[in-house]
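The values are calculated or read from the model by the stated rules, or taken from the named source; none is laboratory data. Since we're looking at a predicted model, the values are computed, not measured. Methodologically, a virtual Cβ is constructed for each residue, glycine included, from the backbone with ideal geometry; neighbour enumeration extends over all protein chains shown.
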Amino acid sequence: MKSILVTGATGKQGGAVINALLAEDADMEILAVTRNPQSGAAKKLADKSPKIKIVQGDLDDSAAIFNNASQVSSEPIWGVFSVQVPMGQGQTVEKEERQGKALIDEALAQNVQHFVYTSVDRGGDASIDNATNIPHFISKHRIEQHLFERTHDTQMSWTVLRPVFFFDNITPDFMGRLIVTAWDAYLQGKPLQCIAVSDIGYFVAQAFLNPAEYRNRCLSLAGDVLTYEHMQEVMRRKTGREAPTTFRVVVYMVMWMVRDMRLMFEWFYAHGYRADIPRLREMHPGLKDFEKWLEEDNMDNPAQYAREHDQPAALPESVPAAEAIPSTAVVDNPRLDRYQVAFCKGSRCVWSGIRRMRRWPMRESLLCGDGSADINGDDESGVGASRDDSRERHRVLRRWVHTTAQTRKQGCSCENVGG
C-alpha cells in the first residue's frame, strides 16, 4: 500500500483530492495534514474512511510534518500533494513561496517518489516561462521552477497542475459577491475559463494512480469558458436567481486596497487563461461545466432538492390536498450550523428586513407517496398547483433561511396564502 501525504486536507483542494482517491477506491493510505487534529473538520474527515490518518502539521515546519506522519503510519511516504494559500490570516505570497519550496526540499530528503503540486495557469503552454505581474501567480511560478531545478537527476518525479478560476468562488457571502461583481466590471464581456475544485481532485488522484502517465508533466486545468452574461444566464435557468453581486464602488475600493486582486482581474481582461478544454475532456469525460457543477457540487445551490435531514420528521408521510402541513414545523439542519429551516405549507415570508443567508431562498419539493414531485410552484405564494389527482399530495415549499439571532431579536411573521 502506498502512503500519500495530503496538505490542506481540510481545505477545498486537499479535501477534493481525498474525496477523489476514496472514490477510486485507491489502495493508498491517506495522511491528511491539518494544523488542528481536534477540529470538527479534521474529525469529520477521519470518519470518512479507515484509510485516512490525521497528521498534525504546519507548512512552516515541513520536517515536523514528516516526523508526525511517521508516528501514525509505518509506511514510507510515497507521494505528496502540495498546495499553499497566498492570502488569509497570517498568510502572504512570500510565506506561500517559502512553504512551497521547503516542502519540496523535505520531500526529496525523505525519498518521496512522486510530488504533485497545484499551481495556476498563466496562459496554457506559455505558463512555463510566464510569471505574469500578479504576486500570487509569481510565487507559484517560482515554486514550480524550484521543483524543476531541485528534482533534476533525482528519484522524485513530479506533476504540476495549473487550475484556472474556481466555480467554487461563486458564493453568496461577501467575498463571492465581490468576485462576481469584479468579473462583470473588469472583464467587460470577455470570457473566463473556470474549473470545479472536485475536478482538480480528480486529476491529482490520477497523477498518483498513474504516475508513469503523469511523470514530469505540466497540465493546465479548466472545465468551461464563460462570459459574465452566460454565467448569469445559466444561474437563472438552473436556480431561478442570479449569482449575488454588490455595488461596483465597493469592488473598486477593495481593488484599490488589494493590488494583487486588481492585477489578477486586469490580467483576466488583457490575457486570460488558456487551458485546452477539449483535450482535458478526452482525458476526463466527466469534466464539469458550470451547469453540471451547479447540479452536482454546489451545496449552496438553490436548485438542490431537499434532502432527508432538511425535512421535519414530524410531517406525515402523505399529505391530502386539503390537509395543511403544520406551519410550526421547524427542524435544525446540521449543514446550516446556527441556521434554522422552517417549512410552511402555502405560506410566504413577509419579513421585510435584510435576509442574512448562507443559502439563497429556494423552492423545494416535499416528496410523498410515489416519490414524484411538482416543482413548478407559484413564485409569489410558494404554493404548487395540483394539476391532477395523482399530484394532490405534492406541495412546493418555499424555504427561507434566517439567522437564529435575527429571528430571535426581531422575529419573522409569515402569512398563510394557500388553501
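Residue by residue, here is whether (1) closer than 26 Å to ASN169 by Cα; (2) exposed (fewer than 14 other Cβ atoms within 10 Å of the Cβ); (3) among the charged types (D, E, K, R) holds:
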residue: LYS12; (1), (2), (3): yes, no, yes
residue: ILE18; (1), (2), (3): yes, no, no
residue: LEU21; (1), (2), (3): yes, no, no
residue: MET28; (1), (2), (3): no, no, no
residue: LEU31; (1), (2), (3): no, no, no
residue: SER39; (1), (2), (3): yes, yes, no
residue: ASP47; (1), (2), (3): no, yes, yes
residue: PRO50; (1), (2), (3): no, yes, no
residue: VAL55; (1), (2), (3): no, no, no
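Among the residues in the range 76-88, are any modelled with pLDDT under 95 and more than 24 Å from the chain's Cα centre (by Cα)? Checked the range 76-88: at least one residue is modelled with pLDDT under 95 and more than 24 Å from the chain's Cα centre (by Cα). Only one entry of ARG177, ARG122, ARG142, ARG162 meets the criterion of being surrounded by fewer than 19 Cβ atoms within 10 Å (Cβ to Cβ), charged (D, E, K, R) and either assigned by TED's automatic domain parsing to the domain that holds LEU263 or within 24 Å of ALA196 (Cβ to Cβ) (or both), and that entry is ARG142. Restricting attention to the range 127-172, which residues are modelled with pLDDT under 95, of a type in the set (D, E, K, R) and over 24 Å from GLY88 (Cβ atoms)? Of everything in the range 127-172, those that are modelled with pLDDT under 95, of a type in the set (D, E, K, R) and over 24 Å from GLY88 (Cβ atoms) turn out to be ASP129, ASP153. Would you confirm whether or not the range 269-276 contains a residue that is part of a helix (DSSP H, G or I), within 23 Å of the chain's Cα centre (by Cα) and either among the basic types (Lys, Arg) or in the same structural domain as SER127 (by TED's automatic domain parsing) (or both)? No, the range 269-276 contains no residue that is part of a helix (DSSP H, G or I), within 23 Å of the chain's Cα centre (by Cα) and either among the basic types (Lys, Arg) or in the same structural domain as SER127 (by TED's automatic domain parsing) (or both). Just the residues that are part of a helix (DSSP H, G or I) and at pLDDT 90 or above, please, taken from the range 238-253. Those that are part of a helix (DSSP H, G or I) and at pLDDT 90 or above: ARG248, VAL249, VAL250, VAL251, TYR252, MET253.
If GLY189 satisfies every condition in (1) within 20 Å of ALA126 (Cα to Cα); (2) surrounded by fewer than 16 Cβ atoms within 10 Å (Cβ to Cβ) but one, which is the exception? Against the list (1) within 20 Å of ALA126 (Cα to Cα); (2) surrounded by fewer than 16 Cβ atoms within 10 Å (Cβ to Cβ), GLY189 comes up short only on (1). Pairs please, first residue from the range 14-41 and over 22 Å from THR118 (Cα atoms), second anywhere and in a strand (DSSP E or B) and of a type outside the set (A, V, I, L, M, F, W, C), Cβ atoms under 7 Å, 6+ apart in sequence or on different chains. Cβ pairs passing all conditions: PRO37/GLN56. Exactly one residue out of GLU106, GLU75 is surrounded by 17 or more Cβ atoms within 10 Å (Cβ to Cβ) and in the same structural domain as LEU161 (by TED's automatic domain parsing), and it is GLU106.
Just one residue in the set VAL93, VAL72 is at pLDDT below 95 and within 27 Å of the chain's Cα centre (by Cα); that residue is VAL93.
Quick check on this structure: which one of ILE52, ILE65 is within 23 Å of the chain's Cα centre (by Cα) and either assigned by TED's automatic domain parsing to the domain that holds SER119 or at pLDDT 90 or above (or both)? Residue meeting the stated conditions: ILE52.
What are the residues in the range 15-54 that are of a type outside the set (A, V, I, L, M, F, W, C) and either touching an Asp or Glu at 6+ places or on another chain (Cβ under 9 Å) or in a helix (DSSP H, G or I) (or both), if any? Answer for the range 15-54, where residues must be of a type outside the set (A, V, I, L, M, F, W, C) and either touching an Asp or Glu at 6+ places or on another chain (Cβ under 9 Å) or in a helix (DSSP H, G or I) (or both): GLY15, ASN19, GLU29, ARG35, GLY40, LYS43, LYS44, LYS51, LYS53. Only one of the listed residues (MET283, MET255, MET264) is out of contact with any Ser or Thr (no Cβ under 9 Å at 6 or more places or on another chain) and surrounded by 17 or more Cβ atoms within 10 Å (Cβ to Cβ). That residue is MET255.
Identify the residue in the range 175-217 that is outside any helix (DSSP H, G or I) and of a type in the set (Gly, Ala, Ser) and, among all such residues, is nearest to LEU5 (Cα to Cα). By that ranking, first place goes to ALA196.
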